[in-house]
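Quick notes on the structure that follows.
The values are calculated or read from the model by the stated rules, or taken from the named source; none is laboratory data. Everything numeric in this text was worked out from a predicted model, so none of it was measured. All Cβ positions, even for glycine, are placed from backbone atoms using ideal geometry, and neighbour counts span all protein chains on display.
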Amino acid sequence: MKLLVTGGAGYIGSHTVKALLAAGHEPVVLDNLSRGHVAAVPAGVTFINKDIADPNLAELLREEQIEGIMHFAAHSQVGESMVNPAIYYENNVVGSFRLIEAARQAGVRYFVFSSTAAVYGEPDEVPIKETADLHPTNVYGRTKLMIEHMLRDYSSIYGMRYVALRYFNAAGADHSGCIGEDHTPETHLIPLVLQAAQGKRESITVFGTDYPTADGTCIRDYIHVSDLASAHVLAMEYLCDGGESQVFNLGTGNGFSVKEIIDAAKKVTGIDFNVTIGERRAGDPAKLIASSDKIKDMLGWKPVASEVEQVLADAWRWHEAHPNGYDDKD
Ligand code: UFG
């Protein structure tokens, strides 16, 4: 299939482009490079430096004969969304609306959307199923939920079918070490821990040790980015084969505490770095673990790279090979 991948120069988008190529599809990357890296786009893949809100997008979709869209382009930092909500409403909500409407005008029938576990907020029970209540606790999660609502309406009214994939904690890097995670600023636990191991930061701070968990630190479900990528390919093929619109969680069903991740990182890297204990970070739920039974049952998806040691080893390979991330910084 010929597919437009928005945000294809970003972390999860670039890994999915690689998976699409391996599955015999033809990805076309659209990215405004506000957060992505052109070096993450494989040679030979068409790269279009444009915004998702570009007024000529419908024409571009027609010209390129795009059959389906994978939509990753978004601002995705929870903390930033609470101090600068305007860019989240502008880029995520307004931008996605422009893209979805362009897709309708151009007759694109399939849409795979990068959603998030943040749409659930503080869960009533874990593992979290897709049927759980949706009460996001931050602007980022709310913008993603608004986009899910748009897609639901476009599906029921215009027949544009979609899959929304609600990721838990994306982590790791392609096994080759050639592409990986490079955010500025970095706020995620695993890359920060590995930067501490590299000596790029003095220590890693644990945000709170008084949560109602066994060791007092927050528990998350870390899913390898390559397992996320394979789910996108399956989701698009499912839609193309006539599948109905769906929402799926993507996680492993296993939770690891912040302390467990730090201990595992020390083991994988062989480096004993400094750890400091800090205050809780506002808005962090104690425990987020996915039930991914629905996507396993319906699409036959299976995480194959998400053992926590492998997630850390692959992320470490990327960090060691690219200590400053992609070489396209100012
Ligand atoms: N943490 C620390 N120290 C740090 C950074 C993080 O202790 O320096 C802790 C956090 O408090 C949290 C855990 O590590 O308990 C994971 O934090 P991340 O920032 O890596 O990830 P989050 O769970 O906050 O958020 C991620 C994605 C969101 C998504 C969410 C859904 O970044 O986009 O998962 O589960 F919405």
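Residue count for the stretch 159-214, restricted to those that are touching a strand residue (DSSP E or B) at 6+ places or on another chain (Cβ under 6 Å), within 29 Å of Ala231 (Cβ to Cβ) and among the polar types (S, T, N, Q): 2. Pro191 falls short on exactly one of the conditions (1) buried (at least 23 other Cβ atoms within 10 Å of the Cβ); (2) within 10 Å of the ligand (Cβ to nearest atom), and that condition is (1).
All of (1) of a type in the set (D, E, K, R); (2) assigned to a helix (DSSP H, G or I); (3) within 23 Å of Pro323 (Cα to Cα); (4) within 13 Å of the ligand (Cβ to nearest atom) hold for Glu260 with one exception: (3). When the stretch 165-178 is limited to residues that are within 15 Å of the ligand (Cβ to nearest atom) and assigned to a loop (DSSP other than H, G, I, E, B), the one that is nearest to the chain's Cα centre (by Cα) turns out to be Phe168. Taking (1) out of contact with any strand residue (DSSP E or B) (no Cβ under 7 Å at 6 or more places or on another chain); (2) surrounded by fewer than 16 Cβ atoms within 10 Å (Cβ to Cβ); (3) at pLDDT below 95 in turn, Ile271 satisfies each apart from (3). The residues of the stretch 236-256 that are more than 16 Å from the ligand (Cβ to nearest atom) and not in a loop (DSSP other than H, G, I, E, B), listed by number, are Met236, Glu237, Tyr238, Leu239, Cys240, Gln246.
The single condition among (1) at pLDDT 95 or above; (2) on the phi < 0 side of the Ramachandran plot that Met82 does not satisfy is (1). Listed by position, the helices (runs of 4 or more DSSP H) enclosed by the stretch 1-93 that each have at least 3 residues that are under 22 Å from Trp318 (Cα atoms) and in contact (Cβ under 8 Å) with a residue 60 or more places away in the chain are 11-22. Within the option set Glu130, Glu125, Glu181, Glu186, being crowded, with 16+ Cβ neighbours inside 10 Å and either more than 14 Å from the ligand (Cβ to nearest atom) or not in a loop (DSSP other than H, G, I, E, B) (or both) holds for one residue only, Glu130. In the stretch 291-319, the qualifying residues are those that are of a type in the set (Gly, Ala, Ser) and part of a loop (DSSP other than H, G, I, E, B), and the one that is surrounded by the fewest Cβ atoms within 10 Å (Cβ to Cβ) is Gly300. What number of residues in the stretch 94-122 are within 17 Å of the chain's Cα centre (by Cα), of a type in the set (Val, Ile, Thr) and either more than 29 Å from Asp221 (Cα to Cα) or within 16 Å of the ligand (Cβ to nearest atom) (or both)? Number of matching residues: 2.
In the stretch 135-154, of all residues being within 13 Å of the ligand (Cβ to nearest atom) and within 22 Å of Ile100 (Cα to Cα), the one that is surrounded by the fewest Cβ atoms within 10 Å (Cβ to Cβ) corresponds to Leu145. Quick check on my filter: what residues within the stretch 197-235 are hydrophobic (A, V, I, L, M, F, W, C), within 18 Å of Val308 (Cα to Cα) and assigned to a helix (DSSP H, G or I)? Residues satisfying the conditions are Ala197, Val225, Leu228, Ala229. Scoring Asp284 on the criteria (1) at pLDDT 95 or above; (2) surrounded by 14 or more Cβ atoms within 10 Å (Cβ to Cβ); (3) under 21 Å from Gln77 (Cβ atoms) leaves a single failure, condition (1). The selection criterion, being without any contact (Cβ under 8 Å) to a residue 60 or more places away in the chain, more than 10 Å from the ligand (Cβ to nearest atom) and among the β-branched types (Val, Ile, Thr), holds for Ile157.
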